[in-house]
Amino acid sequence: MAIRRSLRMWPALRQLTENDLLGLGTAATSEKTRSLQARTETADRVVPSICPYCAVGCGQLVYVRDQRVIQIEGDPASPLSRGRLCPKGSATKELVTSPLRQTTVRYRRPHGTAWEEISLDQAMDMIADRLIKTRADTFEEVDQQGRPLRRTMAIASLGGATIDNEENYLWRKLMVGLGVVQVENQARI
């Protein structure tokens with residue numbers, strides 16, 4: 001009796017007896033697979049987003065439950081990626097959910113041997129102060145022949161690929177306004 005029951009559960013036999021020769025229907029399922037439920041079905045909401053990895057800007061759907069990301073998939077409505085993600089894009093859930101993700105600002109002082117946590121406001125102030133000081137110390141108004149330069153060669157900018165054209169335009173304007181001439185964007189690299 002047990003042999004007969006186990007033979008009925010055998011997928012190859014089920015393919016033949018249940019008229020599922022390709023094994024794409026009932027022959028490919030079991031009690032366990034029938035009870036499975038997609039993670040996306042339990043989401044409270046779906047947030048459209050863009051993959052942060054490269055210049056392509058593939059569309060993503062971020063599934064959220066209880067204010068936590070539970071799944072990230074390609075967005076079929078995206079004209080760029082049409083629901084597909086590369087291996088890096090498919091792994092973006094780990095950017096948010098990894099226990100190794102750094103969620104605080106850490107700073108190591110010059111010649112220091114340990115990291116310390118500082119507030120985001122303090123870190124932003126430190127960056128602004130250094131930017132202003134570097135510009136003031138290295139700004140070149142004119143060259144040796146008196147021709148106007150109005151630049152600093154001590155600051156460079158590398159923008160990200162996930163900000164849109166308008167944000168990139170504003171970033172470029174800020175850098176040029178500061179006299180930074182070495183402005184590049186990761187989207188072109």
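A few points about this structure:
- Looking across Arg108, Arg130, one residue alone is in contact with a strand residue (DSSP E or B) (Cβ under 8 Å, 6 or more places away or on another chain), modelled with pLDDT of 95 or more and not assigned by TED's automatic domain parsing to the domain that holds Gln71. It is Arg108.
- When restricted to residues that are among the small types (Gly, Ala, Ser) and outside any loop (DSSP other than H, G, I, E, B), the stretch 80-105 contains 2.
- Screening Ala114 against (1) surrounded by 10 or more Cβ atoms within 10 Å (Cβ to Cβ); (2) aliphatic (A, V, I, L, M); (3) not in a helix (DSSP H, G or I) leaves a single unmet condition, (1).
- Residue in the stretch 11-44 that is surrounded by the most Cβ atoms within 10 Å (Cβ to Cβ), counting only those that are closer than 29 Å to Val69 by Cα and in contact with a Lys or Arg (Cβ under 8 Å, 6 or more places away or on another chain): Ala43
- A single entry from Thr97, Thr104, Thr92 fulfils the requirement of being touching a residue at least 12 places away in the same chain (Cβ under 8 Å), farther than 26 Å from Pro48 by Cβ and not aliphatic (A, V, I, L, M): Thr104.
- Selected residue (criterion: modelled with the lowest pLDDT) from residues of the stretch 54-79 that are closer than 22 Å to Gln186 by Cβ, in contact with a helix residue (DSSP H, G or I) (Cβ under 8 Å, 6 or more places away or on another chain) and surrounded by fewer than 18 Cβ atoms within 10 Å (Cβ to Cβ): Ala55
- Gly146 more than 26 Å from Val56 (Cβ to Cβ), modelled with pLDDT under 95 and either in a loop (DSSP other than H, G, I, E, B) or within 27 Å of the chain's Cα centre (by Cα) (or both): yes
The values are calculated or read from the model by the stated rules, or taken from the named source; none is laboratory data. The model shown is predicted, which means the values in this text are computed figures rather than measured ones. Cβ atoms come from the backbone with ideal geometry, glycine included; neighbour counts cover every protein chain shown.
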